[in-house]
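Here the structure comes first, spelled out in structure tokens, and everything after it is commentary.
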Amino acid sequence: MGDRGIGSVVEAIRDYLTRHPEAADSPEGIARCWLSGRGVDASVSDVHAALERLIEQGIVSARRLPDGGQIYGAAAAKRAH
């Protein structure tokens, strides 16, 4: 997926978090549950790229799970609004 396609994944994740500010999931779960239900076909690597952009923008934060996995959700400052 090109840069324009990643941009659409970024927008879809941002929109999802606006509607569900307490949501958090793995990249696989985001691709499967958050995006495919909205008609956005994104690979897990596309979701990773989009999440990295959103982390850089301060919109998303990552949390490490006890099993070593990571989940992603709205950054704390964004949830407070």
What figure, in Å² to the nearest 10, do you get for the accessible area of D25 with a 1.4 Å probe and non-protein molecules left out?
40
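Can you compute the charge dipole magnitude of the chain about its Cα centre, using +1 on each Lys and Arg Cβ and -1 on each Asp and Glu Cβ, nothing else charged? Give it in debye, rounded to the nearest 20. Could the numbers behind the result be given before it?
Values: 10 positive and 11 negative charges, 53 e Å.
Around 260 debye, computed over the chain.
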Express in Å², to the nearest 10, the accessible area of R38 obtained by rolling a 1.4 Å probe over the protein heavy atoms while all chains stay in place.
100
Carbon-plus-sulfur fraction of the accessible area of the chain, 1.4 Å probe, in percent?
50
Candidates for semi-axes √(5λ) of the Cα gyration tensor in Å are (i) 20, 12, 12; (ii) 61, 13, 12; (iii) 18, 14, 12, and the calculated one carries label (iii)
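The values are calculated or read from the model by the stated rules, or taken from the named source; none is laboratory data. These figures come from a predicted structure and were not determined experimentally. So basically every Cβ, Gly included, is an ideal-geometry build from the backbone, and we count neighbours across all protein chains shown. Keep in mind that these areas ignore ligands, DNA and RNA; they rest on the heavy atoms of the full protein, side chains included. Shrake-Rupley method; radii C 1.70, N 1.55, O 1.52, S 1.80 Å.
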